[in-house]
Each structure stands twice: as C-alpha cells, then as structure tokens.
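Here's the structure, in structure tokens; my notes come after.
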Amino acid sequence: MTFRVLDPTPGTAPPVGQLAPRLDTLKGKKVGFISNGKEGTKGFFRHLEQILKDDYGVAEVVFRTKSNYSAPADPHIADEIKTWDAVVSGLGD
Amino acid sequence: MQFQSRSYEAESISAVQELYHSNGWTDGLPIVPPTEEAVKECLDWAMMPPDQLIGIEPVRGLAITAEKIAINAVMAGCLPMHFPVVLTAWTAMMQEEFLMHGATASTGGCAVLVVLNGPIRLEIGAAGSFNALGNSDRATAVIGRAVRLCLINLMDVRPGVIDRSTLGHPGKFSYCLAEDEEGTDWDPLHVVRGVERAASAVTVMAAGAPRQLMNEWTTKPEEILETFAAEMRANMRHYSIHPGNYAIVIPQQLREHLQAAKWTKKDIANFIHERARIHRREWADVGKGAVVRDRGDSVYTAMESPDQLLVIAAGGPAGGFGAVIPPWLGNKSHAVTVPVGVCVDCEPPKK
C-alpha cells in the first residue's frame with residue numbers, strides 16, 4: 001500500500017536578521033555588551049572588556065543586562081544599540 | 001483542499017516511519033501517517049482552511065498555520081475532534097506572556113503542561129481520574145504529544161538545536177490532563193481564571209516534572225495542605241527560589257476532607273501562599289551558600305500572590321497522593337488560559 005504523506009515542517013527557514021557591516025578596526029570604538037543576566041556573564045564580559053581595551057584599543061565598553069534572560073533584549077536596550085559601533089550579545093550558562 | 005506542504009510517497013507503513021524518523025520529524029515513537037485525507041478531516045472538523053494563520057511566534061517570527069498544526073496532530077494520533085484542543089493550546093502558547101521560545105529552548109528543560117476544562121473533556125473522552133498524570137486516556141495522550149511534535153517540527157525544538165535542555169523530563173513526550181470536574185464541587189480551573197463556566201478552555205503552563213507527595217494520615221485541611229506547601233518549599237530550596245505559577249493536583253481522597261471542611265480553591269491558595277515561603281539563607285543548607293550573599297534574611301514566596309497557584313482536581317478515587325508541579329523558572333513564563341473556539345485577536349481596533 002502506498003501512502004502519500006505531508007511534510008510536518010514549515011519547509012522554509014525562519015526569517016533571519018542581517019549582520020551589520022563589519023568594522024575595519026575596533027580602535028577608538030564604542031562597544032556594547034548585552035548580558036542575559038546570568039552569573040557567568042560577569043567575569044566573562046569583564047575579561048573581554050579588558051582584552052578589547054588593551055589589545056584592540058576599544059575606547060569605551062557599555063554593559064547592559066536584559067530584564068529576562070530567556071526573552072529578547074528589552075526595547076530600551078535595543079534602541080540604545082544605535083549609539084554603539086559594535087555589540088556583543090552573550091550567554092552566561 | 002489545497003495544501004502548501006510538500007508531499008512524499010512511501011511504499012509501506014514501515015517506509016513512512018523511516019521517512020519521518022530519518023528526517024528528525026518524530027519524538028522517537030512511531031507516528032500516524034499524515035495523509036492528505038486525515039489532515040483534511042482535522043481541518044474540516046475545525047472549519048478552517050489550510051492557510052488559516054493561527055499566530056506568529058513572537059521571537060523568531062515564524063508563521064504557524066492550521067495546516068501544519070493539523071499534520072503534526074495527525075502524526076501524534078489525534079482524531080479530528082482532538083484538533084481544536086491542540087489549536088487552542090497553540091494559541092495560548094503563542095501569547096507573549098507564555099514566552100514560548102524561552103520556555104522551550106531553556107536548559108531548564110520544562111515541558112508544556114496542558115490542562116483541559118469544560119464540556120469538551122467529556123466529548124473527547126479526556127479523563128481526570130485514574131493515572132491522571134500518566135497514560136490516563138487516549139485524548140490527553142495524543143493532545144499532549146501533538147503539542148510536542150508541533151514544537152519539534154514547527155519551531156525546531158529538537159534536542160541540541162533550539163531545545164537546549166540539560167535533562168528534560170518525561171512530560172516532554174506528552175503532558176496533558178483533564179480536571180475531574182464531575183468529582184468535585186470546586187470551581188473548575190478555567191472558571192477560577194476568568195472563563196465562562198459553560199465554555200471549554202485550555203490552560204498551558206511551562207512546567208517542571210510533577211513532584212509526588214503523600215499524606216493519608218490526617219483529615220485536617222491545614223495538615224494536608226502543609227504537605228503540599230512543604231514540597232513547594234523543597235522545590236524552592238533545591239531548584240528555584242523565584243515566585244511564579246505553581247500547579248497542585250489534589251486527588252479525590254484528599255479533596256473529600258477539604259470539601260467536607262468547606263475549603264474552596266481560594267482558601268487553599270491563600271493557605272499555600274502563606275506557608276510556601278522560605279528564607280534565602282536556607283540555600284546554605286542545600287549546598288547553595290555561595291549565592292546567599294547578604295540577603296539571607298530575605299523571604300521568598302512560591303507565588304507572588306495566591307492567584308498564581310493553579311489548583312487542579314484530578315487523580316484516581318483512592319490514595320492520598322498529590323502532586324506539586326513547579327514552574328519552569330519563576331515568572332519568566334506565565335500560565336495562559338484560552339477558551340476553545342474563541343479568537344484572541346479578533347477584537348475590533350481600539351480607537
């Protein structure tokens with residue numbers, strides 16, 4: 001007996017965001033970190049801040065933390081991203 | 001009826017199984033072949049065209065259509081009469097406060113608890129008595145499974161893909177129960193949560209595994225409920241201290257003592273809210289002293305308010321066994337109740 005059956009998946013990839021154009025250099029730039037608020041982000045991001053400043057000449061690092069670590073960034077954080085040259089969004093698990 | 005989905009031919013029932021397993025479209029168990037005829041029967045039952053938009057998942061922007069939910073419902077073993085319940089569960093899960101993406105992707109490994117209320121339980125044969133949290137009946141088994149298959153196939157909630165659960169729990173195969181409304185004089189859950197009594201409704205909650213308890217040695221409401229509160233305190237110590245929606249399942253043997261003493265669900269929730277609370281310093285007793293810090297005297301309640309407790313009457317007639325079902329993680333996700341057959345986005349535009 002032959003069965004004709006249907007695909008249970010959407011069949012198309014979900015919409016994806018586009019990466020911003022890459023920076024030529026990090027020197028003198030303002031970089032934002034968006035933390036999900038978990039314990040592990042604190043030490044990791046502080047260490048990364050040091051590397052970006054010491055080794056890459058980043059001028060300023062801004063730290064922001066989401067109000068819910070399982071949800072997208074809060075609207076006020078998303079708005080603030082426009083004032084940064086680059087953004088790092090990281091997990092803390 | 002015109003379907004958007006790609007179709008495949010398989011020469012035998014075994015070939016169907018291998019097609020679906022090899023593509024990662026199952027939960028590891030055999031599926032019912034989702035033929036065009038079977039899917040059409042589901043859609044006809046709900047009087048929906050295949051391209052009916054059920055909702056758009058808020059985080060990844062995926063459009064969910066009736067056709068895709070019907071395909072997965074058939075695979076789970078649903079009959080057409082089960083399909084509206086699956087649709088309603090999905091409508092509820094796509095409400096922003098449920099936080100579907102977070103709840104289904106989290107390392108915390110919760111499942112979607114689906115609670116059925118109202119006349120539809122009886123129409124589809126959903127039982128809230130013996131083995132209520134297990135394989136109690138066909139309807140709850142397949143509805144709970146359909147919710148999971150939809151997550152797998154529509155949202156990519158596959159282990160190691162979107163689903164990052166460390167452990168998960170068995171409720172991720174199917175986690176659906178019906179309230180035993182005929183076995184209690186309490187208001188059903190949907191009425192407590194603001195839905196008309198005559199309506200049928202589905203409540204979804206991002207839920208951990210049930211924690212079973214037992215107290216067969218008292219008839220006093222306070223003592224019975226203290227056992228439930230103690231289990232919640234244990235969860236707060238061992239798992240998460242943060243307040244959120246908890247559910248408690250109270251079986252008939254324990255309900256009879258509470259009802260004889262004229263305790264309502266509201267009385268129960270008020271009592272539990274007072275008793276299910278701990279000091280942060282108690283974390284030090286269970287190996288979590290490192291995060292007590294200077295807040296040891298802070299008191300944490302299991303729920304922010306009594307109405308966050310979902311009190312459910314269910315379970316076989318004998319045995320003083322109850323269950324506490326904890327939230328995935330505090331208030332990250334909120335339980336959502338939606339009446340069956342009601343459009344949640346159909347209000348006229350506000351001026």
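The values are calculated or read from the model by the stated rules, or taken from the named source; none is laboratory data. As the structure is a prediction and not an experimental result, all values here were calculated from the model. Because the Cβ atoms are built from the backbone with ideal geometry, glycine has one as well, and the counts that use them run over all protein chains shown.
Side notes on the structure shown:
- Positions within the range A:26-73 being aliphatic (A, V, I, L, M), touching a strand residue (DSSP E or B) at 6+ places or on another chain (Cβ under 8 Å) and closer than 22 Å to B:R60 by Cβ, in sequence order: A:I34, A:A73
Quick grid of which residues meet (1) free of Cβ contacts under 8 Å to residues at least 40 places away in the same chain; (2) surrounded by fewer than 18 Cβ atoms within 10 Å (Cβ to Cβ); (3) polar (S, T, N, Q):
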| site | (1), (2), (3) |
| --- | --- |
| B:M236 | no, no, no |
| B:Y239 | no, yes, no |
| B:G244 | no, no, no |
| B:A247 | no, no, no |
| B:A269 | no, no, no |
| B:H279 | yes, yes, no |
| B:V286 | no, yes, no |
| B:A290 | yes, yes, no |
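- Scanning the range B:322-337 for residues that are within 14 Å of chain A (Cβ to nearest Cβ), surrounded by 21 or more Cβ atoms within 10 Å (Cβ to Cβ) and either touching a helix residue (DSSP H, G or I) at 6+ places or on another chain (Cβ under 6 Å) or not hydrophobic (A, V, I, L, M, F, W, C) (or both) turns up B:P327, B:W328, B:K332, B:S333.
- The residue that is surrounded by the fewest Cβ atoms within 10 Å (Cβ to Cβ), counting only those in the range B:97-111 that are facing another protein chain (nearest Cβ under 9 Å) and of a type outside the set (A, V, I, L, M, F, W, C), is B:T107.
- When B:L122 is tested against (1) surrounded by fewer than 19 Cβ atoms within 10 Å (Cβ to Cβ); (2) in a loop (DSSP other than H, G, I, E, B), only condition (2) is not met.
- Within the range B:1-19, the residues that satisfy the criterion of being small (G, A, S), at the interface with another protein chain (Cβ under 10 Å from one of its Cβ atoms) and without any contact (Cβ under 8 Å) to a residue 12 or more places away in the chain are B:S12, B:A15.
- Restricting the range B:84-96 to residues that are closer than 15 Å to B:G55 by Cβ and of a type in the set (A, V, I, L, M, F, W, C) leaves a set whose member that is surrounded by the fewest Cβ atoms within 10 Å (Cβ to Cβ) is B:M94.
- Restricting the range A:57-85 to residues that are within 14 Å of chain B (Cβ to nearest Cβ) and in a helix (DSSP H, G or I), the residue that is surrounded by the fewest Cβ atoms within 10 Å (Cβ to Cβ): A:P75
- The strands (runs of 3 or more DSSP E) located wholly in the range B:170-279 that include 1 or more residues which are of a type in the set (A, V, I, L, M) and farther than 17 Å from B:A335 by Cα occupy B:211-214, B:246-250, B:277-279.
- Some residue of the range B:300-319 being surrounded by 15 or more Cβ atoms within 10 Å (Cβ to Cβ) and on the phi > 0 side of the Ramachandran plot: yes
- Residues that are more than 21 Å from B:L53 (Cα to Cα) and either of a type in the set (S, T, Y) or within 7 Å of chain A (Cβ to nearest Cβ) (or both) within the range B:20-34 comprise B:Y20, B:S22, B:W25, B:T26, B:P33, listed in sequence order.
- Condition met for B:V161 (outside any strand (DSSP E or B), among the β-branched types (V, I, T) and either over 12 Å from the mean Cα position of the chain (by Cα) or farther than 30 Å from A:T12 by Cα (or both)): yes
- Any hit, the range B:314-325, residues being more than 19 Å from B:L213 (Cβ to Cβ) and part of a strand (DSSP E or B): no
- If you go through the range B:47-89 and keep only what is within 14 Å of chain A (Cβ to nearest Cβ), out of contact with any Cys (no Cβ under 9 Å at 6 or more places or on another chain) and assigned to a helix (DSSP H, G or I), you end up with B:E67, B:M75.
- Condition check for B:V286: aliphatic (A, V, I, L, M) and modelled with pLDDT of 95 or more: yes
- Selected residue [under 23 Å from B:P159 (Cα atoms) and among the hydroxyl-bearing types (S, T, Y)] from B:T35, B:T26: B:T26
- Here is the figure for the range A:1-56: residues that are of a type in the set (D, E, K, R), more than 30 Å from B:N72 (Cα to Cα), outside any loop (DSSP other than H, G, I, E, B) and within 14 Å of another protein chain (Cβ to nearest Cβ) total 2.
Listed here are the residues, each with its yes/no results for (1) buried (at least 20 other Cβ atoms within 10 Å of the Cβ); (2) over 24 Å from the mean Cα position of the chain (by Cα).
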{"position": "B:I31", "(1), (2)": "yes, no"}
{"position": "B:A38", "(1), (2)": "yes, yes"}
{"position": "B:L43", "(1), (2)": "yes, no"}
{"position": "B:G61", "(1), (2)": "no, no"}
{"position": "B:A66", "(1), (2)": "yes, no"}
{"position": "B:I69", "(1), (2)": "yes, no"}
{"position": "B:A73", "(1), (2)": "yes, no"}
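- Members of the range B:130-145 that are small (G, A, S), surrounded by fewer than 22 Cβ atoms within 10 Å (Cβ to Cβ) and under 19 Å from B:A247 (Cα atoms): B:G134, B:S136
- On inspection, B:P188 does not qualify as surrounded by fewer than 18 Cβ atoms within 10 Å (Cβ to Cβ), closer than 30 Å to B:H82 by Cα and under 20 Å from the mean Cα position of the chain (by Cα).
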